[in-house]
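Following: one structure in structure tokens, then a few remarks.
Computed from the coordinates by the stated procedures, all read-outs in this text should not be read as laboratory data. Keep in mind that this is a model prediction, so the values were computed, not measured. We place every Cβ from the backbone using ideal geometry, glycine too, and count neighbours over all the protein chains shown.
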């Protein structure tokens, strides 16, 4: 067995997600510092003025504290992952996936330029005015992310299905006739997509140095200008891709029975009637236009059940990011790097691991019919991520133990804690293990969300998966009230 050929246009679709993620993550670490910490000495923009290459100062602006910074970041994560419920509905029933992505890019341009206004020196002088503008920009940026994230992967995977679904065999360069494994091909494409996401995250580490040497507004201006490039890329892609709403899908019973009703705007409502009848045994209304098989409903329920397990996973992986970034600023090491630089270790590790898994490990296992099931890969990912979080607790405890400040004020201590080289390595290992867990768990769930969902509901199902991230953010919001010394362990 082997994976099928991936259409080249798919990689340009991935570039849309790379640009969106690059802009998103460029602002994530900067916002934590901007909201939490006060302006450095003699600074008007948040940059380090006096010897930034060796200074132990951290960029800052508003000085509103870690709890509010954590709350704001959780708000961004929550809304960015709950808004796909809106965009998923409109893409499945009204706009289509491509138009939804286009709308998301327009909203994002407004949000990023609004963020630039919040960070100019004149506005920073009025902290609560700046913070109010930040909240407005966060809401629009999160909404833009929702319209793009819930639609880009289904659109990407549809390109493969349309062109390759009838090709069951392929000939290798050595002349061997090999069966094409469609699930393995979708898995490979999903992992490529996830790697592009993390390329965007990795490239965003430039923001750590820009905020330190130049201030916050140049970072936000760069993200706004980058978002301006999305409409250009989408305009190029529009005539060259297969639009999902025009594909004659054959793989699920709904498509076979409802080809004449594919434009029905009430598919969500009618599917809900079938779901309620399946779960509660209630009779179906007589005027339904759709025909949905029990197998499709069971797959949908399996998806939702799986997504529930990702709530604690993302609580460990993403919802603690503000605390982890702040932790770096409390450690004193011989390597003077910006504290939010360390979060780039997560996507860097993913970029290294993904090709190893998709090009070496999984193909090797596939040829020998030893490919692990998706559930086994998810369990492996969960286990590795939990180990990384335990290591983070150990590092935080070491910071408390070695701090010269009172344990109730370590996060804002003027003198960082002197920690051992081993503790610093453990801090790096925390990000690396969380990245490894994502490679196994998150990338696999993206694939399952597409594969198990009915064709007319793919935007909505992926939105429900992203909602699990939002739910973890709700728990993170609750935790933010205790996200202060001495409770961070």
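By its C-alpha gyration tensor, with a ≥ b ≥ c as the square roots of the eigenvalues, how is segment 339-401 shaped: rounded for a/c under 1.5, else prolate for a/b larger than b/c, else oblate?
Working: a/c = 4.44, a/b = 2.00, b/c = 2.22.
Oblate.
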**Request:** Please arrange 375, 212 by counting, for each residue, the other beta carbons lying within 10 Å of its beta carbon, fewest first.
**Result:** 375, 212
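Which ordering of 82, 380 is given by a fewest-first count of other beta-carbon atoms within 10 Å?
Details: 82 20, 380 17.
By the 10 Å Cβ count, ascending, the order reads 380, 82.
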**Asked** Can you list the residues of segment 422-441 with backbone N under 16 Å from a point 7 Å past the Cα of residue 356, pointing along Cα to Cβ?
**Response** 429-441
**Item:** FRET efficiency, residue 279 to residue 86 (Cβ-Cβ, R0 22 Å, nearest 0.05)
**Value:** 0.35
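Find how much the distance from residue 369 to residue 390 grows on full extension, using 0.36 nm per residue of separation minus their present alpha carbon separation; answer in nm with one decimal.
Values: separation 21, 0.36 × 21 = 7.56 nm, distance 3.47 nm.
Stretched out fully, the residue 369 to residue 390 stretch lengthens by 4.1 nm.
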